[in-house]
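> What follows is a structure written as structure tokens; I'll ask about it next.
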Amino acid sequence: MSTSVDHLLERTQDATDLLGDIVPSAITLATMLRHRKMAAWLREEFDGYADKDKAPPYRRDLPGHIVAKSPQYGWIPAPVNDRQTSEFGHLDLPEGIKTLEQICLNCKKGNGNRVLLEKEEMDTLQKQINLSAELAINLSRDVYGRLLRTIRAAIHIWSDALIEAGMNGEHNHYSPEERKSVEHLDTPEAFWRLAMEQVDDLPIPDVRELGFLERMFGRTG
């Protein structure tokens, strides 16, 4: 299988190329380079984190708004104070990239995605605010988008570092010498921490919105 670091770098900057399609190519490249830690991180991002406590910080304690289900008006802001929002209004997102990306694709800008509070938390908060209605956390599209852009940015920075180290051009395989020259770049945590800091300064696109026909009949292409 032929692979190109240059092409992977370009794909991270193309909004029409979904992250769910980019990550398998990045896994292939990491495997060819014997970047075992990078491949393992990418696979976990793709499949999701079975143990959410082991998910990286860009997936943890993401801020949202608490909403309540009204029989008359549907979902409306819940009557909570700042302390309750701080305690209950955040969520971990351990799901795989394709699930998160699909949520983002189907959300219009300015909208979000509702996730019901877990039963124990819902019971506690219902008692505190004296409300029997269902309660959920509404996470904005921007929160999902930033998570996905952070992962994309980490792949971007890693690809850029590989090119700087001379790994550009088409390759069917990498020699032991070539692999040895970039073994110091098998550091996924270093790259995703850089991505968290730099995501807004890199040429990483927002997740696009699906058009009406794409939502009706499935993504084209």
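The values are calculated or read from the model by the stated rules, or taken from the named source; none is laboratory data. Predicted model only: the values in this text are computed from it and were never measured. FYI the Cβ positions are ideal-geometry reconstructions off the backbone, even for glycines, and counts take in every protein chain you see. Note: accessible area is taken over every heavy atom of the protein model, side chains too, but ligands, DNA and RNA are not part of it. Shrake-Rupley method; radii C 1.70, N 1.55, O 1.52, S 1.80 Å.
> Scanning for something among the charged types (D, E, K, R) and either more than 23 Å from Ile22 (Cβ to Cβ) or touching a Leu at 6+ places or on another chain (Cβ under 8 Å) (or both), does the stretch 137-150 turn up at least one residue?
No, that holds for no residue.
> Any residue that is under 30 Å from Arg83 (Cα atoms), in contact with a Gly (Cβ under 9 Å, 6 or more places away or on another chain) and assigned to a strand (DSSP E or B) - is there at least one of those in the stretch 143-166?
Scanning the stretch 143-166 turns up no residue that is under 30 Å from Arg83 (Cα atoms), in contact with a Gly (Cβ under 9 Å, 6 or more places away or on another chain) and assigned to a strand (DSSP E or B).
> May I pose another question? Considering each of Asn106, Asn81 in turn, give the residue that is modelled with pLDDT under 95 and open to solvent by 30 Å² or more (accessible area, probe 1.4 Å).
Of Asn106, Asn81, the one residue that is modelled with pLDDT under 95 and open to solvent by 30 Å² or more (accessible area, probe 1.4 Å) is Asn106.
> When residues of the stretch 84-103 are filtered for being crowded, with 16+ Cβ neighbours inside 10 Å, acidic (Asp, Glu) and in contact with a helix residue (DSSP H, G or I) (Cβ under 6 Å, 6 or more places away or on another chain), how many remain?
The number of residues fulfilling the criteria is 1.
> Specify which of the listed residues (Ala133, Ala161) is in contact with a strand residue (DSSP E or B) (Cβ under 8 Å, 6 or more places away or on another chain), open to solvent by less than 60 Å² (accessible area, probe 1.4 Å) and farther than 15 Å from His65 by Cα.
Ala133 is the lone residue from the list that is in contact with a strand residue (DSSP E or B) (Cβ under 8 Å, 6 or more places away or on another chain), open to solvent by less than 60 Å² (accessible area, probe 1.4 Å) and farther than 15 Å from His65 by Cα.
> Taking the residues in the stretch 111-123 that are more than 18 Å from the chain's Cα centre (by Cα) and in contact (Cβ under 8 Å) with a residue 12 or more places away in the chain as candidates, determine which candidate is surrounded by the most Cβ atoms within 10 Å (Cβ to Cβ).
Of everything passing the filter in the stretch 111-123, Leu117 is surrounded by the most Cβ atoms within 10 Å (Cβ to Cβ).
> Please go through (1) assigned to a helix (DSSP H, G or I); (2) within 27 Å of Leu93 (Cβ to Cβ); (3) modelled with pLDDT of 95 or more for Ile137 and return the number of the only condition it doesn't satisfy.
Here Ile137 clears every test but (1).
> Could you give me the residue pairs with C-beta distances under 8 Å whose first residue belongs to the stretch 1-27 and is over 12 Å from Ile151 (Cα atoms) and open to solvent by 40 Å² or more (accessible area, probe 1.4 Å), whose second residue is small (Gly, Ala, Ser) and assigned to a loop (DSSP other than H, G, I, E, B) wherever it lies, and which are 6+ apart or on separate chains?
Asp6/Gly169; Thr16/Gly221
> Another question, if that's okay. Please work out if Thr31 is open to solvent by 30 Å² or more (accessible area, probe 1.4 Å) and either over 20 Å from the mean Cα position of the chain (by Cα) or of a type in the set (Lys, Arg) (or both).
Against the criterion (open to solvent by 30 Å² or more (accessible area, probe 1.4 Å) and either over 20 Å from the mean Cα position of the chain (by Cα) or of a type in the set (Lys, Arg) (or both)), Thr31 qualifies.
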